[in-house]
Structure formats: structure tokens, C-alpha cells
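> To start, I am sharing the structure in question, which I have written as C-alpha cells.
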Amino acid sequence: MSSHQRSESRPETPGARARRPPTPGADERGTRRPHPGCDELQLLRDAQATLARLVPGLTEPAAPPGPEEHEILQEVAARLFDCAPYAHPLYAGQMMKPPHRVARLAAALAMWLNPNNHSAEGGRASGLMEQEAVAELAAMFGWEAHLGHLCSGGTVANLEALWIADRTRPGGAVIASEQAHYTHRRASELLKLDFHSVAVDRRGCMDVSALRRLLASGCQGTVVATLGSTALGALDPLPEILALRERYDFRLHVDAAYGGYFSLVADLAPRTRAIFAALAQVDSLVVDPHKHGLQPYGCSCLLLRDPSLAPLYRHPAPYAHATDPAPHPGEFTLECSRSGATAVALWATQRLLPLTRGGRFSLALAESLRAAGALDARLRADERFLTLDEPQLDIVVWAPRATLASEISTASRTLLQRALARGLHLSLVDLPAGLLRAHWPQVEFDARHVTCLRSCLVKPEHARWLERIWATLDAAWRAPLA
Ligand SMILES: Cc1ncc(COP(=O)(O)O)c(C=O)c1O
């Protein structure tokens with residue numbers, strides 16, 4: 001997605017209207033300054049000058065930066081060099097993509113103030129922006145009412161969801177699939193809750209029959225469904241899980257940290273659409289703007305569908321909320337201090353790229369789905385590789401063909417290294433033999449786990465770069481052994 005795109009038209013939010021400076025980007029007489037073009041740092045300087053005019057006492061340090069700071073920043077740049085090129089289309093390893101420019105700039109701008117969204121006093125404007133951005137996320141899932149906020153990551157957001165779940169039904173267990181993110185088990189340990197792991201089907205989705213048996217045996221508590229598992233991008237069967245909730249009364253939390261934004265894609269397959277549509281009926285969910293929402297790290301969102309749960313957060317902190325009696329997101333969070341800059345970055349990004357089905361943001365996600373489908377089709381048509389079922393989102397898992405499971409694992413590691421030597425970054429995933437048997441009946445499973453290759457095609461550019469990705473993979477395959 002190009003950073004030069006112009007904003008889609010969208011109504012001005014009430015908060016923005018209320019707090020709008022006289023004319024953003026205008027000088028003291030209200031004359032709009034010319035658009036500074038596409039010099040990124042000029043955008044920041046311009047906005048910073050406006051902020052400095054509006055906020056008394058917000059000035060640059062009296063002394064200009066000295067040679068020491070210059071040297072340190074040069075050193076920082078040199079240190080940062082030692083990493084993978086996450087923004088490059090040949091980086092197709094983990095689910096990492098660069099934040100949008102407007103997010104980086106808005107966060108940097110807010111850093112001059114460094115607001116703390118733990119209370120209105122710490123960040124009134126950024127708290128309001130958080131509420132607006134979070135309401136837009138809730139609307140994306142068809143929620144008319146919600147209680148929600150941003151937090152530092154999917155792990156903390158899910159932990160908080162389970163903490164609230166336990167407060168609504170004390171002592172219940174946590175029930176999640178074998179492919180759920182590992183932190184659900186850890187969160188259950190922290191909360192001292194029983195954890196039950198439910199088997200998955202051949203696609204890595206929660207096995208509804210296994211869940212039904214567990215519930216029928218008397219297990220109660222919270223079912224965690226994952227929409228977009230980390231390893232496979234698998235979608236748990238939410239409509240069927242909701243049907244079970246009619247019979248067995250449980251709380252339903254959805255971990256959509258990685259997959260949630262795909263609900264915006266216009267032309268999803270009917271089954272996928274039905275799964276995302278079911279999100280309107282769950283009790284809580286987590287979506288991570290720092291995964292598919294173009295945000296810098298430190299930005300997850302927890303949503304509870306029932307605002308009347310707010311009193312569960314009640315805590316004594318008379319010093320935090322005394323000066324401003326209006327409700328503030330920081331009163332309904334597990335964490336205390338939270339970055340206001342994160343909220344500002346998300347707000348700015350959603351201003352530029354509204355969360356509308358079929359809008360520009362969703363088209364970029366559709367490109368990722370297209371890239372994954374195209375890579376999978378290539379692999380499927382090539383005798384050298386073993387594949388699974390078609391990807392459900394934008395993660396593709398496959399392996400070099402071999403007779404023994406242990407040979408497949410070795411070949412996957414070798415191919416990963418050879419691809420890396422040619423600039424193509426992939427990742428590895430260990431999958432249980434039980435999940436792979438149905439896909440690869442001809443393989444002899446001499447190990448309980450098999451290491452496979454995994455590609456997260458999370459950047460829209462991956463679709464355009466597919467030829468190049470494939471050519472690099474092919475060259476890596478053909479390379480003589482070192
Ligand atoms: C499905 C899912 N849930 C939770 C998490 C944890 O999120 P975070 O790394 O932001 O703590 C991840 C991370 O990849 C994930 O994929």
C-alpha cells in the first residue's frame with residue numbers, strides 16, 4: 001500500500017470536532033500552508049510546529065542537538081542494521097510488516113507530549129482518540145456497544161480477557177485448541193485456572209466434536225476460539241461453537257490478534273465470511289493493530305461486548321481520576337500506564353485508511369490473501385513439494401517432499417538456509433505428525449513432529465513479488481550443496 005495515498009472521505013468524529021485546533025496546518029492568520037510534499041520529516045516538522053503553537057511550554061530543548069547525540073544516533077543506526085529486512089517483499093518469514101508512515105509520524109509527534117492514557121489527566125486528547133479508534137475497531141466486527149481499549153500486545157489483551165471472564169464466572173476453566181497461541185495456557189497458569197486443550201482437525205481448526213465431548217463431560221468456563229492461528233492461519237469454526245453455546249453455557253472469547261482485520265475483505269469465501277460474521281455474537285475478542293493494522297509494536301485491542309462489565313475493573317486510585325470525572329479508557333484496563341502515542345498513531349492511520357469493507361485498507365489485505373493463494377497453487381502443482389489444504393488466510397505451510405518425516409524436517413531446514421542465502425526469508429514451523437498424516441499418506445512418520453516451511457505473506461507487495469519469490473525458491477532448491 002503506497003504511503004502517498006490520500007484519505008478516503010469519512011465523517012469527522014465528534015472528538016475531533018470538539019478538540020480541533022482552529023485550522024490544522026494553518027498559520028496564525030488561518031492561511032493554510034502549502035502541502036510540504038512527500039518529504040516525511042517535513043511532515044513531522046510541520047505538525048510539530050503546529051503542536052508547539054497550540055501547547056504552551058512545548059518547546060524544543062534550548063540547545064540544538066550536539067555532536068554526541070549525532071554520534072549516538074549513528075551508532076544506533078549501525079546497531080539496527082543487524083536484523084532482517086522486514087519491510088522488503090522478500091521477507092516472507094514471520095507475520096511482520098512495516099507500520100504505515102502516518103502511524104510512525106503521528107506516534108513521533110505525540111512523543112513530544114508523551115501522553116499516558118492511564119487517566120484523563122495523563123492524556124485527555126489521546127484518550128479521546130483511543131476511544132474513537134477503538135469504537136471503529138468494534139464497528140468493524142458489527143458491534144454496536146462495547147467496552148474496550150488498547151494495550152501493549154495480544155498476550156496482555158488475551159490475559160485481560162481471561163481475567164474478566166474469570167470475574168464473570170469465577171473458577172471456570174479455559175478451553176482452547178491445540179493450535180491456539182501458547183500464551184493462553186500461560187495466562188491460565190497466571191490466573192490459576194484449569195486449561196483444556198481441544199484437538200484440531202486436518203486444517204488445524206478446533207474439532208467441534210472434541211469440544212462438544214469436553215463440554216458434555218461437565219467442563220465449564222471460557223472457550224477461546226482462534227481466528228487466524230499463528231502457525232497455520234487456521235480459523236476455528238465459530239458458527240458451530242456459537243451453536244454449542246446455546247446448549248452448554250460458556251463464555252466465548254476470540255483470539256483474532258492476527259486474523260481479525262480480514263473481516264473487512266469484501267470477497268471472502270462464503271464459509272470464511274460466515275466465520276467472521278459470527279464475531280458479532282462473541283463475548284470478547286482481541287485484535288492486534290500491530291500485526292495487520294499497520295501499527296508500530298505495542299498496539300493490541302481488547303473488546304468486551306457488554307459495557308455493563310465496567311464495574312469489574314473498579315479499583316481504588318483516587319489520585320488518577322480525581323481531576324476529570326468523565327469516564328476515560330484508562331479506568332477500564334488491566335494495565336495502568338499505557339502509551340498515548342500508540343492511540344494517536346492508530347487514530348491517524350484509521351483516519352487515512354478507514355476500516356471499511358472493500359476500502360483501500362481491505363484491498364491491501366485481499367492482496368495478501370491473493371499472494372498466499374498463488375504461492376500455494378504453485379507449490380501444489382510442483383512435485384518437489386508437499387502441501388496442506390489451501391491457506392485460510394495469508395500463511396502458507398509446506399515442505400520439501402521426502403519419504404521419512406525426519407528427512408522432511410532436515411530438508412525444510414536446508415531449504416530455509418539456502419533461500420536465506422539468496423535473500424528470501426521464510427520461517428519454520430513444527431507440526432504434530434497427527435495433523436500431517438491425513439495430508440501426506442505416503443510419508444513414513446518416524447518422528448512425532450515434522451519441521452515444515454512457513455510463509456507469512458502479510459504485505460500486499462507479496463502478490464506482485466510472487467514471481468521473484470518463486471524464482472528465488474527455485475534457485476535455492478537447485479543450488480548445489482555447500
Ligand atoms: C493468534 C495470536 N494470539 C496472540 C498472539 C500474541 O500476541 P503478541 O505477540 O502481540 O503478544 C499472537 C502472536 O503472534 C497470535 O498470533
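We did not get these values from a lab; they are worked out from the coordinates using the rules stated. None of the values given here were measured: they were computed from a predicted structure. Cβ atoms come from the backbone with ideal geometry, glycine included; neighbour counts cover every protein chain shown.
> If I stretch the segment between residue 217 and residue 406 completely, what's the gain in nm (0.36 nm per residue apart, minus their alpha carbon distance), one decimal?
Length gained between residue 217 and residue 406: 64.3 nm.
> By how many nm would the segment from residue 273 to residue 475 grow when fully extended, if each residue of separation counts as 0.36 nm and the alpha-carbon distance is taken off?
Taking 0.36 nm per residue and subtracting the Cα distance, the gain is 69.0 nm.
> Now a separate question. Expressed as a whole number of Å, what is the distance separating the alpha-carbon centroids of the range 226-291 and the range 394-429?
Between the Cα centres of the range 394-429 and the range 226-291 lies a distance of 29 Å.
> Take the Cα atoms of the range 360-478, build their convex hull, and give its volume per residue in Å³.
Considering the Cα atoms of the range 360-478, their hull volume per residue is 92 Å³.
> A follow-up question, please. Over the range 310-412, what is the relative contact order in whole percent, taking alpha-carbon pairs under 8 Å and six or more residues apart?
With pairs under 8 Å counted, the relative contact order is 14 percent.
> Let me ask another. What fraction of the Cα pairs in the range 78-205, stated in percent, has a spacing above 17 angstrom?
Cα-Cα pairs in the range 78-205 separated by more than 17 Å: 74 percent.
> Okay, moving on. Rounded to the nearest 0.05, what FRET efficiency do residue 384 and residue 467 give with R0 = 22 Å and r taken as the Cβ-Cβ distance? Could you check?
Once the sixth-power term is evaluated, E becomes 0.80.
> From the mean inverse distance of alpha carbon pairs (Kirkwood) and the Cα radius of gyration, derive Rg over Rh for the range 391-431.
0.99
> Further question on the same structure: At residue 337 and residue 189, where each label point lies 7 Å from the Cα along Cα→Cβ, what is the point-to-point distance in nanometres?
For residue 337 paired with residue 189, the spin-label model returns 2.8 nm.
> Would you mind computing Rg(Cα) / (2.2 N^0.38 Å) for the chain, counting N as its residues?
For the chain, the normalised Cα radius of gyration is 1.05.
> Hey, another quick one. List the relative contact order of the chain as a percent without decimals, with contacts defined as Cα pairs under 8 Å and 6+ residues apart.
20 percent
> Which value in deg cm²/dmol, rounded to the nearest 500, describes the helix-derived mean residue ellipticity at 222 nm for the chain, given -39,500 (n - 2.57) per DSSP H run of n ≥ 4 and division by the residue count?
-12000 deg cm²/dmol
> Something else now. Quickly work out the residue 417-to-residue 314 label distance, labels modelled 7 Å from Cα along the C-beta direction, and quote it in nm with one decimal.
Between residue 314 and residue 417, the label points sit 6.1 nm apart.
> Go through 151, 208, 385 and say which Cα lies farthest out towards the positive end of the charge dipole of the chain; charges sit on Cβ, +1 for Lys and Arg, -1 for Asp and Glu.
The Cα lying farthest towards the positive end belongs to 385.
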